[in-house]
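We did not get these values from a lab; they are worked out from the coordinates using the rules stated. These numbers were taken from a predicted model, which means no experiment stands behind them. Cβ atoms come from the backbone with ideal geometry, glycine included; neighbour counts cover every protein chain shown.
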Amino acid sequence: MWRVNRADLAQFRQWLKRADFQFDAMSTQQGVRMANWYGQPRAYDFRANVREQRKDHHYSLNFDYKFGVELGNAPALPARGSVILLHPWGMEGSALTTWALLFASAGYTVVMPDLRSHGESADAPVGYGPREADDIVDLVRDLRAAKRLPGPLYLFGVSYGGTVALFAAPKLAEVHGVIAIEPYASAATVIRRAPAGDLFGHRWLASWIRPREVDQAIQRASRQLGVDLAQPDPGDALAHTPSCALILRGAEDNLIAGDGLSELARRSPRASYVEVSQEGHLILPMRTDRLLPPLLDWMQGVPVDASGSCPGFMPLPFVTTPAADPIAAPKL
């Protein structure tokens, strides 16, 4: 779960078009139309500068995005690999545009699908991981057959998308590494924590929602979707994933419990769990300044086969800019 408003998405889609990303669609074996953005590595010299400000108990992030070249004229780069970016619940592929442009600028082919029942993809019963993973498997095979997905291949997912990445990884032999930012260890647990998570409105609303009502809603959704929301277990998928996996969580995340993700990572000797200090659920995916440089190092450090040791990961430190003026609302 993550919030990017419609105006931001419209701007991001314009950037992608101007940056020569292609918007395409394919049909999965289940007949689900999968829309996706596809971009080749180019020297955009894209920079996402993030400034943090604190004054008293107020805190804000200000974002400044810059291109070093004119969009549409960025020279092509040799491909270092491919990254499939999987968006959070309620979003679409373009929500991860900043990550896409940064990965493309670093030499990676980028694919940004709209998961089923999101964006321009077809409405189809969601599965909170397994069904979406099957869609991604079909998308990868389609792109590989067209020779549009140079290896090595990495899966990168945020929140709901992180869970999809974990479910998809063991089904794709070509996956070299998995990066899951604040994935769901259990969909039902996340739903139960959501009212008190301060993500959908004022936290006091949680006092109006009784646990029994949440459980009843989970049961209704399970019946409607044909999947028990307490059952999908990304840990079992992770245990059968031979590639290196990195699971990240903000230390101040009110939605995803740290003990659940720590236990999840223990299901595989090739998985690492790292908490990023002073970041919450909504903010961590935006912290490209703290995450991108060490992520690029991690990706380059993944061994060529399962016999090698997986690399470590250390996020860049938290740095605050003192604020002399009243704090402005975060803007994109």
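Just a few scattered comments:
- Maximal additional length on extending the A25-A7 stretch stands at 4.1 nm, based on 0.36 nm per residue less the C-alpha distance.
- Cross-link reach list, aspartates and glutamates versus K17, counting only Cα pairs under 18 Å and skipping chain neighbours closer than eight places: D8, D45, E70, E92, D114, E120
- Stretch gain in nm, segment A146-D45, where the contour uses 0.36 nm per residue and the Cα spacing is subtracted: 33.6 nm
- Size-normalised alpha-carbon gyration radius of region 85-137, reference 2.2 N^0.38 Å: 1.18
- The alpha carbon gyration tensor of region 245-317 gives principal lengths a ≥ b ≥ c with a/c of 1.5 or higher and a/b no greater than b/c, which makes the shape oblate.
- Simple spin-label estimate for N62 and R266 in nanometres, 7 Å along Cα-Cβ: 4.4
- Solution diffusion estimate, µm²/s, Stokes-Einstein, region 5-135, Kirkwood Rh from C-alpha pairs, 10 °C, viscosity 1.306 mPa s: 100
- For the peptides 147-155, 5-13, 102-110, the ranking by packing is 102-110, 147-155, 5-13, with the highest mean count of neighbouring Cβ atoms within 10 Å listed first.
- Per-peptide average of other Cβ atoms within 10 Å, ordering 241-252, 26-37, 300-311 highest first: 241-252, 26-37, 300-311
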